[in-house]
Amino acid sequence: MASVQISEAEKVYIMHGVRDDLRVDGRGCEDYRHMEIETDVVSNTDGSAKVRMGHTDVLVGIKAELRRPRPNVPDEGYLEFFVDCSANATPEFEGRGGEELGVELSNTLYKVFNSHRSLDLRSLCVCPGEHCWVLYVDVLLLQCDGNLFDAMSIAIKAALFNTRIPKVRVLEDEEGGKEIELSDDPYDCLRLRVDNIPCIVTFCVFCLLVHVHQQVGHRHVVDATLQEKACSAASLLVAVTPRGAVTCVRKLGAGSLDPDSIFEMTETGKRVGKALHAPLMELLQKDESLGKKRQKVGFLA
């Protein structure tokens with residue numbers, strides 16, 4: 001992960017702000033930074049979205065291809081994730097550092113999203129045991145200022161909402177063979193239901209001090225910046241559906257967490273996650289209703 005070097009005085013200033021529920025940028029401990037979300041930004045994909053959260057920039061493109069289903073689930077399609085950590089985002093992403101981080105991020109996204117609890121994978125099946133849709137989700141990290149997982153999950157959900165998969169007809173010839181016919185009508189397409197797709201809420205945990213080396217308790221914040229991340233002891237990732245169900249919990253970083261703080265963060269994640277989903281879906285639906293009248297913003301305008 002990207003990191004920054006800060007002085008001890010800066011750490012004390014940041015941690016005192018967290019203790020008083022007043023962070024350096026004026027936010028409370030459970031507040032997100034300003035977000036900008038655009039959909040349908042890449043023309044040669046079946047669905048795409050770009051999310052800017054503070055100074056963290058993520059671009060997601062989705063391509064649908066017909067493949068053979070996996071043997072253990074012959075009546076379901078599936079998702080494949082690839083995360084590209086651009087060296088322009090931070091020098092730490094150059095070479096093997098970026099490759100290893102990309103694999104780690106891809107594996108976590110696979111656990112969060114590639115489940116029938118999150119997405120109706122059976123709707124991606126064309127012919128059981130023979131053909132299914134595979135969604136290749138490509139994530140490009142353009143700029144990194146902390147909280148990558150949350151930004152990626154919002155961008156993926158927005159891109160899946162924007163995805164249009166061509167309708168398919170399976171035709172049989174006189175000899176019993178099957179042929180696949182794709183509709184060339186752009187409006188005759190399959191739309192994915194994203195009602196139950198989770199968003200990730202990442203917590204950074206702080207060990208608050210009164211005197212030097214005297215630990216007195218823990219506080220956690222959401223949507224941490226790189227400076228706040230540098231002061232934290234550990235992080236906890238919680239994936240939450242719009243109904244408040246937790247689909248994945250994962251600890252990040254080298255620090256330790258006590259059971260009470262994990263339970264507290266999980267409950268907070270349910271509340272914050274549910275509050276995040278409603279305005280996100282409202283924004284996506286409003287954005288789509290504008291059609292070609294939408295005003296393009298950002299560098300893709």
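The values are calculated or read from the model by the stated rules, or taken from the named source; none is laboratory data. Remember, it's a predicted structure, so these values are computed and weren't measured experimentally. Neighbour counts run over all protein chains shown; Cβ positions are idealised from the backbone, glycine included. Note: accessible area is taken over every heavy atom of the protein model, side chains too, but ligands, DNA and RNA are not part of it. Shrake-Rupley method; radii C 1.70, N 1.55, O 1.52, S 1.80 Å.
Please enumerate the residues belonging to region 117-137 that are among the charged types (D, E, K, R) and either part of a helix (DSSP H, G or I) or within 22 Å of His277 (Cα to Cα) (or both).
Result: Arg117, Asp120, Arg122.
Do we have any residue at all in region 39-46 that's among the polar types (S, T, N, Q), assigned to a loop (DSSP other than H, G, I, E, B) and closer than 26 Å to Gly253 by Cα?
no
Quick one: Arg250 ticks every box in (1) in a helix (DSSP H, G or I); (2) at pLDDT 85 or above; (3) surrounded by 15 or more Cβ atoms within 10 Å (Cβ to Cβ); (4) of a type outside the set (Ser, Thr, Tyr) bar one, so which box is it?
The failed condition is (1).
Would you check which residues across region 62-79 are open to solvent by less than 50 Å² (accessible area, probe 1.4 Å) and in contact with a Leu (Cβ under 8 Å, 6 or more places away or on another chain) and list them?
Ile62, Ala64, Val73, Glu76, Gly77, Tyr78, Leu79 - these are the residues of region 62-79 that are open to solvent by less than 50 Å² (accessible area, probe 1.4 Å) and in contact with a Leu (Cβ under 8 Å, 6 or more places away or on another chain).
Suppose we keep only residues that are in a strand (DSSP E or B) and either of a type in the set (A, V, I, L, M) or modelled with pLDDT under 85 (or both) within region 74-115. Which one would you say is nearest to Leu190 (Cα to Cα)?
Leu79
Would you say Lys270 is without any contact (Cβ under 8 Å) to a residue 40 or more places away in the chain and open to solvent by 80 Å² or more (accessible area, probe 1.4 Å)?
no
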